[in-house]
Amino acid sequence: MLRPGLHRRVEKVEEAARARNDATENAAFARLKEIADKGIIAFCKEALGFEPTKYQAKFLLNTRQFQAQCWCRQCVDENTFVYLSNGNIVRIKDLPEAWYSGEKECFSVLTDDGREIIATAEHRFLTRKGWKRLDQLRVGSHIIVPDIVPVFGASEISPERVKILAYLITDGSFGHPNQSVKFTGKEPYISEMESCVLKEFPDIHPKRYQKGNCVDLLLTSHRGNVRENTLNAWLRKLVFLDGFPKIAFDLPEDKLTLFLNRMFAADGHIAMGSSPRNRLGVGNWFEIGFGTPSHHFAQALSLLLLKFGIRTHITVEHPAPTNKYTKPFFRLRVYDITSLVRFFGKVGPIFGKETRSLEAMRILADRQARIEAGDCPKVTTFRHFNASS
């Protein structure tokens, strides 16, 4: 134990050292502030020791871009869909605030609920233990994802055009030069499509042709002009992302529910049965599904359903070697009880599948919905490759 006099001398020495350190730090800070006041380019040259290129200077001088560079240096694949504040989506490569960083080593992270993101090793994910880089994740790691994005638009579009668009992107054919718009289906979808077209586009003369168990509805003008009719003109004004209309993300809530209802009416299904794998408890199980040959189309639909808090699972199905179709098929499924309740609560009974829908709703009503709070998807797969980011 130090004697009182010696103890006091030690304290004085420590105080003097702290004073010198404070003075040094203050002087250094004053020098850095002086350099910073000259501007970010001067700060890079004099304080950091490098001269930015013209490309780097462009972003450093843009306040919004500079903030993004400081906090979001991690990268994702250029085709990744991102939500905008108004509820729309855009590929990140088309976002003005994003910048191209070249081809990099990337990883595909797939979760057990079918979500996928392609990102670089330094991309950060929110986990139960805080933010972690992709290269710190392991198979079985839990990551936090949004449960609902309740942002709706205000696009002014008639209910009839909402139905027409939903039918055409599922079982329709359009956009081909010198070919009429066509919709293939059964009743009651054919009749509803026909009545909507006649109301919205008076110059269109629908023609029916039997095609096996279905009907081809050819939508052409009275004069047979393919390119100049009002239906084609309207469709050409719309923007599509891999066949998915961007206007869907700008629909008000009531129009969006109608749009989803008709999409699942044309190309969706309700599968029911009894199995030990039951997803609703003992006894019956069922799922709502949608099929498409486009992965990006399935991802866009998944993001659209997220506006209502409806979680989906996307799986890929490869055709058998004997099948004439060689491309993979993507299946979007809704089967957790919370999402099923939300689907029928918002989208309602599916048009043309009312009996099946009401039976499924009865099963749900027999069981109390479990709000699966804190249920985070787990990482199941990592795939490694190079991609543009």
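What follows is calculated from the coordinates using simple rules that are stated; it is not laboratory data. The structure presented is a predicted model; accordingly, all values stated were derived computationally and were not measured. Positions of Cβ are generated from backbone atoms using ideal geometry, with glycine treated the same way; all protein chains shown enter the neighbour counts.
Counting only Cα atoms, the range 69-171 measures 50, 30, 25 Å along its principal axes, largest extent leading.
Among the trypsin sites (Lys or Arg not before Pro) in the range 143-248, those located in a DSSP loop and surrounded by at most 14 other Cβ atoms within 10 Å of their own Cβ are 186, 223, 227. Fewest-first ordering of 97, 194 by other beta carbons within 10 Å of each residue's beta carbon gives 97, 194. Once the C-beta distance of residue 33 and residue 148 is scaled by a Förster radius of 41 Å, the resulting FRET efficiency is 0.40 to the nearest 0.05.
Normalised by residue count, the range 157-239 yields a Cα convex hull volume of 88 Å³ per residue. Per the Kirkwood formula applied to alpha carbons, the range 111-255 shows a radius of gyration over Rh ratio, Rg over Rh, of 1.16.
Applying a threshold of 31 Å to the alpha-carbon distances of 207/353; 38/129; 237/307; 58/307 flags 38/129; 58/307 as lying beyond it.
From least to most packed, judged by other beta carbons within 10 angstrom and beginning with the fewest, 272, 193 follow the order 272, 193.
For a paramagnetic label modelled on residue 205 (point 7 Å from Cα along Cα→Cβ), amide N atoms under 16 Å away belong, within the range 167-196, to 180-181. Look at 249, 351 and count the other Cβ atoms within 10 Å of each Cβ; fewest to most, that gives 351, 249.
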